Amino acid sequence: MKNCIHPLAHRQYAHVGIRWVSFSLLVSMLLLLLAACGASGPSKPQGRKPLLRTSAPVFSKPITYVALGASDAVGVGSSSPGSQSYVARLSTHLPHGSHTLNLGISGIRLHEALNEELPLALDNAPRLVTIWLVTNDFMDGVSYQSYMDDLNSLLGQLHGRTQARIVMADLPDLTRLPIFDHSTASQKAQILQKIELWDQGIAQTAKHYDVTLIDLLKDGSELTAHPNYISSDGFHPSAQGYTRLADIFWQAIQTG
């Protein structure tokens, strides 16, 4: 198994200390945005109708696997990011001789990923693409409509320019994370309502482009409700959490 990490992924080490020290500030900003802005309903994606894909759920020969993501893709929160990220663990399920290109960059948002990650994904003719690129946008106060526009662009290009099986995850219940422990019940309810709105829009866009969607919010939001799945920073998955996330992705790939 050959694995590669995006050359820009070293940004995670420079950003992680700065970014996650300010968790409480980000939470406060999110709460202010919720108070100031009303939620708008999901808009229908524009563009052509999706083409149905016929590739088998389980790959029988070596493939190129590309992961689009942020700090979670590179394993921030674990003791050994290079080997304990969900991307690295997921790669072990692929046929011998497969090539993994992990394009994850810590702190990145979807709009930036369109320029920094997507071109490399398109250039490498992947047969499998995984995407988890939503939490930073949500936490940083990116507007719902801006995110959905970018998601429509991302999935449209991947769908139209590759033959990849595309598997994407949405937002879990972030209010279960320790960084929200000081938020009131009312504030958590507002945040959860917004998460549900975003996940609804993500689901609609994923369906339009025949993308397999992993609903992380269902069943009590396992990833954020299980204490052992959360790292000591109170936000990222732990090594155990990444193992579970890889299992969730692999199950979706097999049954998608």
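We did not get these values from a lab; they are worked out from the coordinates using the rules stated. What you are looking at is a predicted structure, and each value in this text was computed from that prediction instead of being measured. In this analysis, Cβ positions are derived from the backbone assuming ideal geometry, glycine residues included, and neighbour counts consider all displayed protein chains.
A few comments on the model shown:
- Whole-number D in µm² s⁻¹ for the range 168-220, Kirkwood Cα-pair radius fed into Stokes-Einstein, 4 °C, 1.567 mPa s: 109
- Phi angles across the range 210-216 convert, under the Karplus curve 6.51 cos²θ - 1.76 cosθ + 1.60 with θ = phi - 60°, into 3J(HN,Hα) values of 6, 9, 6, 9, 9, 8, 6 Hz, Gly and Pro given as x.
- Packing-based ranking, highest mean first, of 62-69, 88-95 given that Cβ atoms within 10 Å are counted: 62-69, 88-95
- Length-normalised contact order of the range 130-256 in % [C-alpha pairs under 8 Å, at least 6 apart]: 28
- Cβ-to-Cβ counts within 10 Å put Lys194, Lys207 in ascending order as Lys207, Lys194, the fewest first.
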